[in-house]
Amino acid sequence: MEKITELLEIQYPIFQGAMAHIARYPLVSAVSEAGGLGIIAAGGLSGEELREQIRETKKRTKNPFAVNLMLQMENISEQVDVLIAEDIKIVTTGAGTPKPYMERLKQAGIKVFPVIPSVKIAQKMEQLGVDGVIAEGMEAGGHIGETTTMTLIPQVAQAVNIPVIAAGGIGDGHGMAAAFVLGACGVQMGTAFLTTTECPIHENYKQAILQANDTATVVIHKEKGGAIRGLRNELLEGYSKNESGEVFSLAALQRAADDGDVQQGNVMSGQIAGMLTQVRPAKELIEAVYAEAEAVSQKIVLR
Ligand SMILES: Cc1cc2nc3c(=O)[nH]c(=O)nc-3n(C[C@H](O)[C@H](O)[C@H](O)COP(=O)(O)O)c2cc1C
């Protein structure tokens, strides 16, 4: 199988996970410029806003970057038109199947990487003709499935013959090396990129992640499907009492990301937050994770 770095023409097999409302051109261009794969989160953007994000990213880097489509949104067809017109070459997808758009994406020469939570969906995606899958374990921040990264990656890697990118709970070189040992050929990190200098979120959000420990997150479940992980705070604790679906909205995330309200906003974060202790440029994070993964993988001794 061709290496993911060669397939996508990137330097490091490290994806910056799409983060709704957060993964905008400042972060995306910094990641791609550093040799990783920056990914614009299109969820919540109009076609015109998406076009602007793509153009602003292109002004800042000549390296490849991707766009993430949140498939439950109503304007996906319009967003696909924009991707094709703006010559985007890599797309990741979440929250549904890309099936209705596959023909157009493939005709335009776009490589498609759906985020998947199980072996069954990974196999379905392979049959659909996707170029790889991003297998995301429930350690991740944001919307999550039920299986851990530790158990999901080896089972998906065994079940499909396309590249598997591991996501969920990876924040350093140990995590990256472990993902490769489990059968992945790349990693996607979200929470770790929240702590980068270029990440355009309120300082309170970054500080909340830095201060979090290993048990600081909580998962709340919508009555019918859908679960999200975020830092335990008044909003998420309150959900168990009043079950207001507002907590799942983009507005709840915006209160934390824009206004810095880390009690009444949804501070989406993964469990790896407990290990993140510094704000640094995306380039430093990527290079440190990669160098540590290389060093760690050469030192594995089983007996
Ligand atoms: C604040 C936040 C927002 C996210 N929004 C999206 C999104 O819009 N689309 C998507 O496919 N994944 C989304 N994710 C998931 C990330 O892309 C990534 O897969 C995940 O964060 C990886 O796990 P980690 O947080 O343990 O690194 C989001 C994650 C976070 C923390």
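Quick notes on this one:
- Checking each residue in region 129-163 for being in a loop (DSSP other than H, G, I, E, B) and either open to solvent by less than 30 Å² (accessible area, probe 1.4 Å) or near the ligand (Cβ under 9 Å from one of its atoms) (or both) picks out 130, 132, 137, 139, 140, 141, 144, 145, 160, 162, 163.
- Exactly one residue out of 177, 166 is open to solvent by less than 20 Å² (accessible area, probe 1.4 Å), over 19 Å from residue 28 (Cβ atoms) and assigned to a strand (DSSP E or B): that is 166.
- Of all residues in region 36-48, none that is not assigned by TED's automatic domain parsing to the domain that holds residue 79 has its Cβ atom under 6 Å from the Cβ atom of a residue that is assigned to a loop (DSSP other than H, G, I, E, B) and within 12 Å of the ligand (Cβ to nearest atom), 6 or more apart or on another chain.
- Residue in region 183-200 that is acidic (Asp, Glu) and at pLDDT 95 or above present: yes
- Meeting the requirement of 2 or more residues that are closer than 28 Å to residue 186 by Cα and of a type in the set (A, V, I, L, M), the helices (runs of 4 or more DSSP H) wholly within region 197-303 are 203-211, 250-257, 282-298.
- Exactly one residue out of 121, 116 is free of Cβ contacts under 8 Å to residues at least 60 places away in the same chain, crowded, with 23+ Cβ neighbours inside 10 Å and closer than 30 Å to residue 230 by Cα, and it is 116.
- Residue within region 53-65 that is within 11 Å of the ligand (Cβ to nearest atom), in contact (Cβ under 8 Å) with a residue 12 or more places away in the chain and touching a Phe, Trp or Tyr at 6+ places or on another chain (Cβ under 9 Å) present: no
- Yes/no for residue 274 being open to solvent by less than 60 Å² (accessible area, probe 1.4 Å), small (Gly, Ala, Ser) and in contact (Cβ under 8 Å) with a residue 24 or more places away in the chain: yes
The values are calculated or read from the model by the stated rules, or taken from the named source; none is laboratory data. Just so it is clear, the model here is predicted, and its values are computed rather than measured. Neighbour counts run over all protein chains shown; Cβ positions are idealised from the backbone, glycine included. Ligands, DNA and RNA are excluded from the accessible area calculation, which covers all protein heavy atoms including side chains. Shrake-Rupley method; radii C 1.70, N 1.55, O 1.52, S 1.80 Å.
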